[in-house]
Amino acid sequence: MCSYHEQDRASMGQRIALDLELVKGLRFFDPHIHMVSRTTDDYQSMADAGIVGLIEPAFWLGQPRTGIDTFRDYYSSLVGWERFRASQFGIRHFCTIGLNSREANNEALAEAVMELLPFYIYKEGVVGVGEIGFDDQTAAEEKYYRLQLELAKEAGLPVQVHTPHRDKTRGTSRSMDIALEHGLDPGMVIIDHNTEETVKEVLDKGFWAAFTIYPFTKMGNERMVQIVKEYGPERIMVNSAADWGISDPLAVPKTAALMVKSGISKVAIELVCYKNAITAFAQSGQLDEGLLNEKIDVDQGQKFEGNSILRGGQQPRRDTGSIIIS
Ligand SMILES: [Zn+2]
């Protein structure tokens, strides 16, 4: 016999499945999600919900790295194994490469990372420099933010900017001012983790405004619906920023479903949950929208450097609805 709590969870699961029916047939693109810390079940449910492509920004691992080799291996996995893993669920995987703001504060390591970045930012599937910017808004963070803006400018790549969670309004203004100071075109810069307090300034200054839907916290998707109602869909994009913390890899399709319920047009939903992010990051020359229209032939028996996603003797998963695990 299950507890009330379990019954609640079960009925919530059914409701989400019903709500996602509202967006059946729509395609989604999540421009900020950290798949290395997600499971194959996540990939499967994302594909089932209509996510056809995603961008995985380089970030920190939840604890500080101790050497340059772990950066190298991490970047290699973003352009290698993770890209392959996504393809095994029919999802196109892109990434942005950069030194995250937290680890910019370890200057000895940051210097070594700066030397490594040029070996990765020109690789196939790298659609920008990111996620970079401010965390605590220290001098070291500013130094490496500026250096990486120069790198992006030189490479002609878009920049994905992480804005700080503390002192957000000031940190966001500062991030944009510095980008302009370095001569970056605001149309090449995606300012992420916006709120009601920052969105107006970001749009007024001509930057792209990305919004992360965080479950149980500040930026829930009901607030996102209000923002699109108030500001319209131009230059706005929605992402999940799902990682190793409490987060939701279905945040984009769920928000789209809520927008359908709230009477927002399908054209507007397509812009904020699919098209705008593609337009912004396609400026890298590494993201071909035509490719997203083509279905990937999924063959889970395929291998990447000799390794497949199947463990000994497994058959590729077909019936996701069955309660029998065979
Ligand atoms: Zn992130």
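The values are calculated or read from the model by the stated rules, or taken from the named source; none is laboratory data. All values derive from a computational prediction rather than experimental measurement. As a convention, Cβ positions derive from the backbone with ideal geometry for all residues, glycine included, and neighbour counts pool all protein chains shown.
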In the stretch 135-167, how many residues are more than 16 Å from the ligand (Cβ to nearest atom), assigned to a helix (DSSP H, G or I) and not hydrophobic (A, V, I, L, M, F, W, C)?
7
Only one of these is closer than 30 Å to Val129 by Cα, more than 20 Å from the chain's Cα centre (by Cα), at pLDDT below 85 and charged (D, E, K, R): Asp319, Asp297. Name it.
Asp297
Search result, residues across the stretch 176-201 that are away from the ligand (no atom under 16 Å from the Cβ), under 19 Å from Arg166 (Cα atoms) and of a type outside the set (S, T, N, Q)
Met176, Asp177, Ile178, Glu196, Glu197, Val199, Lys200, Glu201
Identify, from the list Gly183, Gly187, Gly171, Gly156, the residue that is in contact with a Pro (Cβ under 6 Å, 6 or more places away or on another chain) and either exposed (fewer than 15 other Cβ atoms within 10 Å of the Cβ) or of a type in the set (Gly, Ala, Ser) (or both).
Gly171
Only listed residue being closer than 20 Å to Val129 by Cα and touching a residue at least 12 places away in the same chain (Cβ under 8 Å), chosen from Arg235, Arg223:
Arg235
Which pairs turn up if I take residues in the stretch 56-77 that are in contact (Cβ under 8 Å) with a residue 12 or more places away in the chain and on the phi < 0 side of the Ramachandran plot and look for partners that are assigned to a loop (DSSP other than H, G, I, E, B) and of a type in the set (S, T, N, Q) with beta carbon separation below 7 Å, at least 6 apart in sequence or on another chain?
Ala58/Asn100; Phe59/Asn100; Trp60/Asn100; Pro64/Asn106
Looking only at residues that are touching a residue at least 60 places away in the same chain (Cβ under 8 Å) and acidic (Asp, Glu) in the stretch 103-136, which one is surrounded by the fewest Cβ atoms within 10 Å (Cβ to Cβ)?
Glu124
Ala210 outside any strand (DSSP E or B), among the aliphatic types (A, V, I, L, M), within 17 Å of the chain's Cα centre (by Cα) and under 26 Å from Arg146 (Cα atoms)
no
Could you list, in sequence order, the residues of the stretch 192-228 that are charged (D, E, K, R) and more than 11 Å from Val238 (Cα to Cα)?
Glu196, Glu197, Lys200, Glu201, Asp204, Lys205, Lys218, Glu222, Arg223
For Gln302, work out the one condition from (1) in contact (Cβ under 8 Å) with a residue 24 or more places away in the chain; (2) more than 23 Å from Val126 (Cα to Cα); (3) part of a loop (DSSP other than H, G, I, E, B); (4) out of contact with any Gly (no Cβ under 9 Å at 6 or more places or on another chain) it doesn't fulfil.
(2)
Looking at this structure, is Phe216 in a loop (DSSP other than H, G, I, E, B) and either within 21 Å of the chain's Cα centre (by Cα) or without any contact (Cβ under 8 Å) to a residue 12 or more places away in the chain (or both)?
yes
Ala251 passes all but one of (1) within 18 Å of Asp19 (Cβ to Cβ); (2) surrounded by fewer than 24 Cβ atoms within 10 Å (Cβ to Cβ); which number fails?
(2)
